[in-house]
């Protein structure tokens, strides 16, 4: 696609274009190498339009050249013209260069094979890398009582009657059908229809605590109060805690170790640019500099306060 675009651009140019630029205006141009970088940054739709529609291509290139001309204007502003703006630009450019270079260096780091170390980590820290916590399935009967909407004492009495009927032998499913006020689970005979673990996010804490206290499948809780009302919970299934085999977690461990290696390498790389033994610091001059800076800022603050 890129080759096609460049060919089309060359086809539509005339001998009036300067040197190797494919686009030029007011002494600023874009050659094929720069155009390749620009086009790579365009989304596929823009690339397709530029390749097949000259008007769209012209609009894209017009904006690209405008951006380059504006950047050239910034370069014309000297410290003498506008010191504050000049140094804003210098710091922004320096920061951008730093980020780009550090990212570039990080990508070039050669990481050794982490396979053997990953296995060692798996054996030493299986709990960290391979543990799958116990999970449980459950059903519930909900006697709903949202805060500020109903009288909790009255609803508790209703819920206690439902619990009593369950303990007297009435089936859980029939009580769900008659009394549960959770429409979603009621349609599934009370089932939450999912496996949850003790730290499951977005689950009601009292519900989870009561569920994981139940001893065996088929056991039910007493009344469990939450912000939704009163639950009677039945344990429907248990998936015991287990450890995934090494092959299933190897890549995850390798990725973690690779990231750690790169991070440590970056720390060492940054250290290599810290003060060398030949660094010179003029403390006397710096003391004067910071004292003057402090006076300037104090004066500016006083001026602002007086203006108020």
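Listing for the model above:
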quantity: Among (1) surrounded by 12 or more Cβ atoms within 10 Å (Cβ to Cβ); (2) out of contact with any strand residue (DSSP E or B) (no Cβ under 7 Å at 6 or more places or on another chain); (3) within 22 Å of residue 256 (Cβ to Cβ) - the single one residue 108 does not satisfy; calculated: (1)
quantity: Residue 166 being surrounded by 15 or more Cβ atoms within 10 Å (Cβ to Cβ) and in contact (Cβ under 8 Å) with a residue 40 or more places away in the chain; calculated: yes
quantity: Any chance residue 105 is modelled with pLDDT of 95 or more, within 28 Å of the chain's Cα centre (by Cα) and farther than 23 Å from residue 269 by Cα; calculated: no
quantity: Residues that are farther than 16 Å from residue 239 by Cβ and either within 30 Å of the chain's Cα centre (by Cα) or at pLDDT below 95 (or both), drawn from the stretch 188-202; calculated: 201, 202
quantity: Any hit, the stretch 237-253, residues being closer than 30 Å to residue 105 by Cα, without any contact (Cβ under 8 Å) to a residue 40 or more places away in the chain, outside any loop (DSSP other than H, G, I, E, B) and outside the structural domain of residue 174 (by TED's automatic domain parsing); calculated: yes
quantity: Single residue of 55, 73, 84 found to be part of a helix (DSSP H, G or I) and farther than 29 Å from residue 23 by Cβ; calculated: 84
quantity: Number of positions in the stretch 21-73 that are closer than 30 Å to residue 87 by Cα, in contact with a helix residue (DSSP H, G or I) (Cβ under 8 Å, 6 or more places away or on another chain) and either touching a residue at least 60 places away in the same chain (Cβ under 8 Å) or surrounded by fewer than 13 Cβ atoms within 10 Å (Cβ to Cβ) (or both); calculated: 1
quantity: Verdict on residue 176 being assigned by TED's automatic domain parsing to the domain that holds residue 138 and either under 11 Å from residue 139 (Cβ atoms) or surrounded by fewer than 16 Cβ atoms within 10 Å (Cβ to Cβ) (or both); calculated: yes
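Let's see how each residue does on (1) within 19 Å of residue 132 (Cβ to Cβ); (2) in contact with a helix residue (DSSP H, G or I) (Cβ under 9 Å, 6 or more places away or on another chain); (3) at pLDDT 95 or above; (4) crowded, with 18+ Cβ neighbours inside 10 Å:
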{"position": "151", "(1), (2), (3), (4)": "no, no, no, no"}
{"position": "171", "(1), (2), (3), (4)": "no, no, yes, no"}
{"position": "207", "(1), (2), (3), (4)": "no, no, yes, yes"}
{"position": "258", "(1), (2), (3), (4)": "no, no, yes, no"}
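The values are calculated or read from the model by the stated rules, or taken from the named source; none is laboratory data. This structure is a prediction, so every number in the text was calculated from the model and none was measured. Heads up, the Cβs are rebuilt from the backbone with ideal geometry, glycines too, and the neighbour counts pull from every protein chain shown.
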